[in-house]
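Everything on this sheet refers to the single structure shown next.
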Amino acid sequence: MVKKKTVNAGAIAKGTLNDREEKILNVMVNTSILLMSLMTEAFSDLFAGMTEGMVQAVGSSLGMSEEDTKQGSEKMRNLTTKIPQEVRAQMMSMKTDIRKQFQERKPEIQHLLIDPVFDKGIVIAESSATRLPKLTENLDEVSLLGYLALLKAEDPRCTKMFQALMEWMKTVPQPPQK
């Protein structure tokens, strides 16, 4: 049986994060970062593949030598290894920005955090069977990349948890739009 935690309204009013709020923030931030990273890497892989094909097609149609076409393709492969590195650097920057925005908007959304639907996300994230730190923790880059690697490898446990978190995120109350 899952033990329910109650929200300390005094802590919310003071602007500090209690343990439950920290877990909520971490689950939402970590899941969002992983989703954005997966989508960005998939797009960069697609872009790189298309561009390399276009380099070969344009090279042959312009009568470029096979060696020149190979060099163009090699430059594209080098770019494709650089794109994920850029994505990873942006991943940590996005994480910092999201956490900062949460703190800034906390007074506007504190009444939403009381909703017990947030506890379901905590339970999903903490039931993970991976050896990585839980998504309820403030994860570092290495841990986030570990989850990203598991998701890209289609690890069944990680994929199932991530899908459950995506469904859960659709059910959480939404803050007012600015």
Among the residues in region 133-146, are any at pLDDT 80 or above, among the hydroxyl-bearing types (Ser, Thr, Tyr) and either surrounded by 13 or more Cβ atoms within 10 Å (Cβ to Cβ) or under 20 Å from the mean Cα position of the chain (by Cα) (or both)? yes
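Would you check which residues across region 135-154 are under 24 Å from Ala89 (Cβ atoms) and assigned to a loop (DSSP other than H, G, I, E, B) and list them? Walk me through how you get there before you give the answer.
Restricting attention to region 135-154, the residues satisfying the condition of being under 24 Å from Ala89 (Cβ atoms) are 135, 137-153.
Within region 135-154, Leu135, Glu137, Asn138, Leu139, Asp140, Ala153 qualify.
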Need pairs with beta-carbon distance below 6 Å; first residue under 15 Å from Leu165 (Cα atoms) and within region 112-141, second β-branched (Val, Ile, Thr) and surrounded by fewer than 16 Cβ atoms within 10 Å (Cβ to Cβ); sequence gap 6+ or separate chains. Val117/Thr171; Val123/Val2
Flagged in region 155-173 as touching a residue at least 24 places away in the same chain (Cβ under 8 Å), more than 14 Å from Ser32 (Cα to Cα) and over 15 Å from the mean Cα position of the chain (by Cα), in numbering order, are Asp155, Arg157, Thr171, Pro173
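Please state which one of Arg105, Arg157 is surrounded by fewer than 16 Cβ atoms within 10 Å (Cβ to Cβ), in a helix (DSSP H, G or I) and at pLDDT 90 or above.
Values: Arg105 fails: at pLDDT 90 or above.
Step by step, each of Arg105, Arg157 is checked, and only Arg157 is surrounded by fewer than 16 Cβ atoms within 10 Å (Cβ to Cβ), in a helix (DSSP H, G or I) and at pLDDT 90 or above.
The values are calculated or read from the model by the stated rules, or taken from the named source; none is laboratory data. Owing to the predicted nature of the structure, the values given are computational and were not obtained by experimental measurement. Neighbour counts are summed over all protein chains in view; Cβ atoms, including those assigned to glycine, are modelled from backbone coordinates with ideal geometry.
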